[in-house]
Amino acid sequence: MKIALSIPCFIDQFYPQVGIAAVELLEKLNIDFEVPKNQTCCGQPMANSGYEDEAKKTYHHFIDLFKDYDKTVMISGSCTHHVQHNYTNIEQTKDVKNVRNNIEDISQFLLEHYIDEIGPVHFPHRIALHTGCHSLRGQRFGTSSELVTEKKTGLEGMLKHVTGVEVVPLSRPNECCGFGGTFSVVHEAISIKMGRDKLNDVQDKKIEYLISNDMSCLMHLEGIIKKENRNIKVAHILELLNGSIK
Amino acid sequence: MRGSIKDNSELFLKNEERANWHDKALWFVREKRDLAAKSVPEWEQLREKASAVKMHTLSNLDRYLIEFEENAIKNGVKVHWAKDGKEHNRIIEEILQSHQVKKVVKSKSMLTEECHLNPHLESKGIEVIDTDLGERIIQLRKEPPSHIVMPAIHIKKEEVSELFHEKWNTEKGNNDPVYLTYQARLSLRKDFLTADAAITGVNFAVAETGEVVVCTNEGNADMGTHIAPLQIHSMGIEKLIPKREHLGIFTRMLARSATGQHITVYTSHFRKPKKGEEMHIVLVDNKRSERISREKYWTSLKCIRCGACMNTCPIYRRSGGHSYDATIPGPIGSILAPNIDTEKYSDLPFASTLCGSCSDVCPVKINIHEQLFFWRQDIGRSNVLPKSKKISMKIMAGVLGNPAVYKMFGKMMRISLKLLPSFVFENKLNTWAKNRKMMEAPKESFQEWYQKRKK
Amino acid sequence: MSRKEILENIAKNKPSGEYKLPDLNINTQKGKAAEKFEGIMPKVSAKFEKAKDYIAVTEVIRKHFSGDIRIVNLIEKVNIQGIDVSKLKNIKELDLLDLAIIKGDLAVAENGAIWVSDKNLPHRILPFICENLILVIDKKNIVNNMHEAYRLQNNLDYDYGVFIAGPSKTADIEQSLVVGAQGPRNMMVILVENQD
């Protein structure tokens, strides 16, 4: 199986350590993969703003990079969701269908196939988990609190071989963090309020680390944490599993 | 002029304590909903069935409307058809005038809000009393509802106390909800006993039997219709369901979704008029027959107006219903309003993080967050968004569609920490960083690290 | 005429796909209907009493309601004298009626709702205009859920009918539950265990 690692633009530019953790983890697991050159973005920021037609060039570029792989693992549930669900305004060629059908959030991919080969990792901290909304409700990575179905494991399942960790449930299971892409700027006041509410809950529960499978949520939350000098750290689940949290 | 949700919500959030209070009140309802839904292990199956019944009915709506009309007429009911709000109001006015009606008691109906019935009747000299307590409160305050099930959820008990003191001379400073509710009961009882006609909305209409079903907790729809000599039920044409047995599905879900009750206190089935008196049903289109043609949006007609999407919505809870400045607020309102006037309500589909909680909570499985995304594209393609936004998108598309340009900009950005965010975030760097610290610039991008390492 | 226009628009615009009416095979929970029904009574703010027969029903009511009060009793087997509603000139005279005693046709275990129809109601307003409402239900008429209720109700002929689950209530002021909105301020359900 030919596997490609896909890097979202914000991880490439702001959080390279998350991409590095992904590479190191995949290597430790002896997974044969490539990182195609010249990656840019999935085009979600434009489409979320109502300009999916302007995103077509970006979509085609994305397809061109990943069309020859059997599997594309992406370090973001949200970008994965965008490719899966919203690449509908370009011609649905064999290549497009292949990429859309075979892209997967790396967290979900690892949980499904490799979780027993990861670790053990010792992480003696109080943490809270935040599953990105698109992973949760778009890819059913875990079970959203609205549904009345048997609980499916998601992000918490990735801690299977993590020792010493204490997972503290948040008061409002899977309430959105308030990022929402361009929403975070267009509706800045609500976005900040949502972020603060989540962080207040984290702080009240004396949680040290907020761990997510989506760095974009954490980018927004970390911005607020640093601005307000809050004593909370954020990290991607891959960093935790790779043992590379500083 | 309609205010934008952006400006309105910013104003709402200025009073943080009140915003927190509002958010908590609604989250409490969402939690009650969860408990009620989870008491029904077959909940997801009910959602499937409810959705399928609605889809079936809507795709055969003309047939079912004719069947409904036939049966209603057989029951001795007078059936009227209104193509829009104006005609609806005129029909109601005519019925009322022909009975020399001076005073109407009305029970909750989002449709009459949509048609602006109250101001119309008042302009014709007919007194209208809203009889649901929440509706009565906002009517006395001369405000629209801020929520479709809990219209006065934005108002504090102290304010209700002030209001009742001013209008009805109740005890000043008595903020006890029990006392206030009792005072409203006394006042409304007089209205029920003196009204010449009663108007209600409709939750479900059954084609097979020609009956309409109205759900309330206060008993106000029944107090109105059974005392007044004339009863009128206004309904949107999408309220139809084929058979009585389908009520089983919907009555199990409506109250559980809306308030977390297992059923509303009253689920009233009106089939025939009271002996010797008149019963009218007004079927209202108001662009529904147009909306049904829209491939991406017609399923929004499945909505049973439970309000669960509002209670769960993190944006609604922190903005208040009035911030939407539309008849129906919240996620469902944001996909309904652009059907009525795309330009006027073009900001609403953007007031969402697309988290999808609304779609998962919806008892009839409307893909609300997906429709929000579709509306964004339709609005983007039309010419209602500012040109400047389109230009910045074009530049962004140029950057993201071209790896060389992306790399160059990325590098510059990490040096200056200004450029990429200004594209990603609509040239509004300041807005991103107003309450957030800017991301720290790493020495090299991931891709630079990776290429170097490979060598 | 709008009727024609609306129907034509729908015929032209309705979705063309085939959307089948689903079957109603739903995996519902069954059993212990009477216990479940009793258990839900406090949740709908209804008082609950059991009586072995209608003589006992009369006793229960007399125990709770006595003195000079205005009563309408619509159940023949309950031996309580009240206002003769057939002699009412105007239903508005029923305002501030202290007590109405009414027979329910069926009751639903999952939510505490009781079906009352104008088969048992000379005036539709009776279960609403009274300050206190007593609904009497035979144990054999308790069903598990709303699906079963509507299946049974299908055989009942009515011009008007209502499911009633508790006294009228509201939470419109700050989500505080207040019992006694526009309808009855108290409700009691009496379950008759030995039917005839």
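Rounded to the nearest 500, what is chain A's calculated 222 nm mean residue ellipticity when only DSSP H runs of at least 4 contribute -39500 (n - 2.57) each, over all residues?
Numbers: 11 runs with 102 residues, N = 246.
When only DSSP H runs of four or more count, the value is -12000 deg cm²/dmol.
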query: From Cα coordinates alone, what are the radius of gyration and Dmax values for chain B in angstrom?
result: 25.3, 94
field: Cα principal axis extents for the protein assembly as shown, largest first, Å
entry: 102, 59, 57
- prompt: Scaled to the compact-protein estimate 2.2 N^0.38 Å, what is the alpha-carbon radius of gyration of region B:251-377, rounded to two decimal places?
  reply: 1.19
query: When the gyration tensor of region A:3-111 is built from Cα positions, what are the square roots of 5 times its three eigenvalues, in whole Å, from largest to smallest?
result: 23, 15, 11
query: Can you flag which of A:K226/B:K443; B:K49/B:K344; B:K157/C:K43 are past 31 Å Cα-Cα?
result: B:K49/B:K344
- line: Phi-derived 3J(HN,Hα) across region B:52-62 with the Karplus relation (6.51, -1.76, 1.60, θ = phi - 60°), rounded Hz, x for Gly and Pro, is 5, 4, 5, 4, 4, 4, 5, 7, 10, 4, 4
task: Can you figure out the FRET efficiency of A:K97 with C:K77, using R₀ = 51 Å and their beta-carbon distance, to the nearest 0.05?
output: 0.10
- prompt: Got a sec to turn the phi values of region A:180-194 into Karplus ³J(HN,Hα) couplings, 6.51 cos²θ - 1.76 cosθ + 1.60 with θ = phi - 60°, whole Hz, x for Gly and Pro?
  reply: x, x, 5, 3, 4, 9, 4, 10, 4, 4, 5, 4, 5, 4, 5
- request: Within region B:254-281, find all residues whose amide N lies under 12 Å from a label point positioned 7 Å from the Cα of B:H99 along Cα-to-beta-carbon.
  value: B:273-281
- line: Computed over the Cα atoms of region C:42-196, the Rg and Dmax in Å are 15.2, 47
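For peptide B:21-28, how many partner chain Cβ atoms fall within 10 Å of a residue's Cβ, on average?
The mean count of partner-chain Cβ atoms within 10 Å per residue comes to 2.
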- line: HN-Hα couplings for region B:110-121 via Karplus (6.51, -1.76, 1.60; θ = phi - 60°), in whole Hz with x for Gly/Pro, come out as 5, 5, 5, 5, 4, 8, 6, 5, 3, x, 5, 5
statement: Under the 7 Å Cα-to-Cβ spin-label approximation, C:L88 and C:I55 lie apart by a distance in nanometres of 3.2 nm
- prompt: Along the Cα-to-C-beta direction of A:D201, a point sits 7 Å from the Cα; which residues of region B:346-363 have their amide N less than 14 Å from that point?
  reply: B:357
query: Arranged from highest to lowest average of other beta-carbon atoms within 10 Å per residue, in what order do the peptides C:119-128, C:78-87 appear?
result: C:119-128, C:78-87
message: Take the residue pairs B:K302/C:K36; A:K28/A:K246; B:K78/B:K365; C:K50/C:K92; C:K63/C:K103; A:K56/B:K287 and return only those whose Cα atoms are more than 24 Å apart.
response: B:K302/C:K36; B:K78/B:K365; C:K50/C:K92; A:K56/B:K287
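If the viscosity is 0.890 mPa s and the temperature 25 °C, what Stokes-Einstein diffusion coefficient in µm²/s follows for region B:112-167 when Rh is the Kirkwood radius over Cα pairs?
Translational diffusion coefficient: 205 µm²/s.
For the pair B:S39 and C:K63, what calculated FRET efficiency results from E = 1/(1 + (r/R0)^6), where r is the Cβ-Cβ distance and R0 = 30 Å, to the nearest 0.05?
Numbers: r = 33 Å, r/R0 = 1.10.
It comes to 0.35.
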message: What's the whole-number percent of alpha carbon pairs in chain A lying beyond 23 angstrom?
response: 49 percent
query: Hey, with R₀ at 22 Å, roughly what FRET efficiency would A:N38 and B:A441 work out to, going by the Cβ-Cβ distance, to 0.05?
result: 0.55
query: Averaged over peptide B:145-152, how many Cβ atoms belonging to another chain are found within 10 Å of each residue's Cβ?
result: 1
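What does the average come to when, for each residue of peptide B:39-51, you count the partner chain Cβ atoms lying within 10 Å of its Cβ? Display every interim value, and only then the final one.
Working: counts 5, 6, 5, 6, 4, 3, 6, 5, 2, 2, 6, 1, 2.
Average neighbour count from other chains, rounded to a whole number: 4.
Where a number appears in this text, it was derived from the coordinates with a stated rule and is not lab data. Note that the coordinates shown come from a computational prediction; the quantities given were computed from them, not determined experimentally. Here Cβ is always computed from backbone atoms with ideal geometry, including for glycine, and neighbour counts include all displayed protein chains.
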